[in-house]
Amino acid sequence: MAKAANIKTLKIDGRDVSARQNETILEVARENGIFIPTLCTLKGLSNVGACRLCLVEVKGTARLQPACVTRVEEAMEVTTNSERLQGYRRAILELLFTERNHVCAVCVSNGHCELQSLAQKLEITHVHFAYRYPEAEVDASHERFIVDHNRCILCTRCVRVCEEIEGAHTWDVMGRGIDAKVITDLNEPWGSSQTCTGCGKCVHVCPTGALSEKGKSVAEMLKRRQFLPYLTQMREEDRS
Amino acid sequence: MSKLRMATVWLDGCSGCHMSFLDLDERLLLIAEKVDLVYSPLVDVKEFPLDVDLTLVEGAVSSEDDLHKIRMVRERTKTLVSLGDCAVTSNVPGMRNPFPLQAIYDRAYKENVTLDPQIPGEMVPPLLAKSRPVHEFVTVDVFIPGCPPSADTIFYALSELLEGRMPELSAKTRFGA
Ligand code: SF4
Ligand code: FES
């Protein structure tokens, strides 16, 4: 039970809301039905603030703050949907589309992809930046799963679920900037990984078609994410 | 009332967007009451005419011929619509882009050919280094993503445009729809 002293009050988009002191702006916004777009955060995993889609304005600071990793403070005044923020969010999403080769029409996750549906929600009908069309690998060496780097947005959900929930730490990130990519073990083929347990959690938390099960064709890869909050809830005591 | 002059153009696409347009079925008659189709792969006119009010373009810009066409179409058209993911994003035609052009030619005309393999120098327009969305070359006024956009989406967009309104498309369609 939260004691009264541990309750913070703040304003989000002009609305008075209250929060427990350890909550993030994103958690409080969601509890109050206020939409903030996100891609990298996932309930049950740690937050890393990788995608920057959740940036919000906080009165008194010139810098935008990522709502998923910013804790609420007493009397904070948060704006989640200014024109400036909308512009940045669209730009971030459009850049994600140009960075790799997301060809939605022929993707296993077509119709069930968080990148695709967020683009639609933010009313993106085309991309203003030039596409890069990089050469990216597809590793199908694993018995049951495929990683298609053309469709990876580097959210690192796979890395986090593998380390934090499965405890295997098969996934990691290699390289910097535009050369960054997710790898299995020491950048070895997934199929010969000594650490991968084959649990498939990474596949199901991946927001796009970058990780999928073999044998799935266009639009057939449905992801199940419900397991995650339960697993973390059950382990809460160990983790704290 | 004078009818609106409408055209459709087919660049590097599979013709699926045109098929989806034909899927308007009896609603084509409603459209036909309001427009003259002055140029299209569906009608027998060879030259893209002057003074077109509305042009739907299917397909990415992949060859020198596509580029020449789209520049001319843009000049002669009041409202240019990118119809479908190939026109909007380069989509499937763009999947060759990570590879060097020579590798594409070799694959298509040499590696898979047993009888007298050769790269055509005549009749077939040279490819551009990359297949790119239409709006990377000319100004586009309306974007209709989808692969292909459904007949309902096309009908909605056309109905709005014919009434002089801008269609709100993100509620109806998306990349890959
Ligand atoms: S493979 Fe999927 S889960 Fe992993 S970083 Fe890329 S998009 Fe995120
Ligand atoms: S959800 Fe906050 S940075 Fe990605």
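The values are calculated or read from the model by the stated rules, or taken from the named source; none is laboratory data. Just so it is clear, the model here is predicted, and its values are computed rather than measured. Here Cβ is always computed from backbone atoms with ideal geometry, including for glycine, and neighbour counts include all displayed protein chains. Surface accessibility is based on the protein's heavy atoms, side chains included, excluding ligands, DNA and RNA. Shrake-Rupley method; radii C 1.70, N 1.55, O 1.52, S 1.80 Å.
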Would you point out the residue of the range A:137-150, among those that are in a loop (DSSP other than H, G, I, E, B) and open to solvent by 30 Å² or more (accessible area, probe 1.4 Å), that is farthest from ligand 2 (Cβ to nearest atom)?
-> A:143
All-but-one check, residue A:81 against (1) farther than 30 Å from residue B:13 by Cβ; (2) open to solvent by less than 20 Å² (accessible area, probe 1.4 Å), failing number (2)
Would you please name the residue that is nearest to the other protein chains (Cβ to nearest Cβ), looking only at residues in the range A:66-114 that are over 30 Å from residue A:216 (Cα atoms) and polar (S, T, N, Q)?
-> A:86
Counting only residues that are touching a residue at least 12 places away in the same chain (Cβ under 8 Å) and open to solvent by 20 Å² or more (accessible area, probe 1.4 Å), how many does the range A:45-69 have?
-> 13
Which of the residues that make up the range A:124-136 are without any contact (Cβ under 8 Å) to a residue 12 or more places away in the chain and surrounded by fewer than 16 Cβ atoms within 10 Å (Cβ to Cβ)?
-> A:135
Taking the range B:58-88 on its own, how many of its residues are outside any strand (DSSP E or B) and open to solvent by less than 10 Å² (accessible area, probe 1.4 Å)?
-> 7
Among the residues of the range A:165-184 satisfying the criterion of being assigned to a loop (DSSP other than H, G, I, E, B) and either buried (at least 17 other Cβ atoms within 10 Å of the Cβ) or within 14 Å of chain B (Cβ to nearest Cβ) (or both), which is farthest from ligand 1 (Cβ to nearest atom)?
-> A:168
Residues in the range A:151-164: is at least one away from ligand 2 (no atom under 16 Å from the Cβ), under 18 Å from the mean Cα position of the chain (by Cα), modelled with pLDDT of 95 or more and within 14 Å of another protein chain (Cβ to nearest Cβ)?
-> yes
Right, residue A:196: within 24 Å of residue A:118 (Cα to Cα) and assigned by TED's automatic domain parsing to the domain that holds residue A:145 or not?
-> no
Restricting to the range A:121-133, what's the tally of residues that are under 18 Å from residue B:87 (Cβ atoms) and within 18 Å of the chain's Cα centre (by Cα)?
-> 0
Kindly check whether there is at least one residue in the range A:112-129 that is in the same structural domain as residue A:220 (by TED's automatic domain parsing), of a type in the set (Val, Ile, Thr), within 22 Å of residue B:96 (Cβ to Cβ) and part of a loop (DSSP other than H, G, I, E, B).
-> yes
Only strands (runs of 3 or more DSSP E) wholly contained in the range A:1-85 count here; list those with 2 or more residues that are of a type in the set (Gly, Ala, Ser).
-> A:15-20
Which of the residues belonging to the range B:120-152 are at the interface with chain A (Cβ under 9 Å from one of its Cβ atoms) and among the charged types (D, E, K, R)?
-> B:130, B:132, B:136
Can you name every residue in the range B:130-153 that is open to solvent by 50 Å² or more (accessible area, probe 1.4 Å) and in a loop (DSSP other than H, G, I, E, B)?
-> B:137, B:139, B:141, B:147, B:148, B:150
